[in-house]
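The values are calculated or read from the model by the stated rules, or taken from the named source; none is laboratory data. If you're wondering where the values come from, they're calculated on a predicted model, not measured in any experiment. With ideal geometry, Cβ positions are generated from the backbone for all residues, glycine too; neighbour counts draw on all protein chains shown. Accessible surface areas use protein heavy atoms only, side chains included; no ligands, DNA or RNA. Shrake-Rupley method; radii C 1.70, N 1.55, O 1.52, S 1.80 Å.
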Amino acid sequence: MYTKKLYLRVLTPNLTQISIMKIMYRSLGLVAVLALSTLLHSCDKVKDAISINIPTQTVNAEFTIQPQANGTQSVTTFQYGVNLDSLIKIQNTSLGIGNIKSAKIKSVTLTLTSSTASDNLGAFSAAEVGLSSSAKPDFTAIAGLTSIPDANQTTLEIPVNSVELKDYFSSTSFTYKLTATTRRATSTTMTGKATIKFDVTAGL
């Protein structure tokens, strides 16, 4: 009879033992959660540390505008190539074009090198610049001006749109398109240079 009671007491923990076990399990669970949280936070810090800003890049591309009729139409397109992968690796060899996190246009300037008193940028009442690339061929508007003064002008600053372009910049070949509304028909060929500045951020 004594042996049987001893056997039962060994197999059946009392309430105090059960409470202690519960506290231990909860404590271990809390420690595990805290450890995991610390580990994830540390990983985020490492990712943040491996982040670089590419110095502002400048596109200088020549363009030609043929004589234009009245109305709104694409007046010229021009291409520009840049090896962003190399530019990124100069800053951090562990990163590349596939690590681009953000790309945005900073400024767009058009400057004519050949024009006349009547055939100049004042012949247009509005203008928009679009961008496409081999990675994303559909054009998106990167800059626009809805009101251009009717004056003899050879330089035009076009306000940029705050749009994220990282999907376009996973490429080495870019195409820019100038669409404009002609307030009066032009009769001569105008030539010029587009100066486009952009910033790129890359990281893990």
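Here are some notes:
- Rg/Rh, computed from the Cα trace of the stretch 51-203 with Rh as the Kirkwood radius, has the value 1.03.
- Taking amide H positions as modeled 1.01 Å from N, with prolines and chain starts lacking one, the residues under 5 Å from Lys101 and 5 or more places away or on another chain are Thr201, Ala202, Gly203.
- For the stretch 124-204, the square roots a ≥ b ≥ c of the C-alpha gyration tensor eigenvalues yield an a/c of 1.5 or more together with a/b exceeding b/c, which makes the shape prolate.
- Accessible carbon and sulfur surface of the stretch 116-204 relative to its total accessible area, %, 1.4 Å: 50
- Based on Cα contacts under 8 Å between residues 6+ apart, the stretch 51-203 shows a relative contact order of 46 percent.
- Net charge over other residues, Cβ less than 14 angstrom from the Cβ of Phe169 (K, R count +1; D, E count -1): +2
- Prolate/oblate/rounded label for the stretch 140-183 (Cα gyration tensor, a/c 1.5): prolate
- The protection proxy used here, the mean number of other Cβ atoms lying within 10 Å of each residue, ranks peptides 120-129, 167-176 as follows, highest first: 120-129, 167-176.
- Annotation: amide H of Phe124 within the under-5 Å range of Arg183, sequence separation 5 or more or interchain, hydrogens built in the peptide plane.
- Accessible area in square angstrom per residue, the stretch 88-204, 1.4 angstrom probe: 44
- Cα-projected label distance for Thr189 with Gln79, points at 7 Å along beta-carbon direction, nm: 1.9
- With the simple model of a label 7 Å out from the Cα in the direction of the Cβ, Thr64 to Thr93 spans 4.5 nm.
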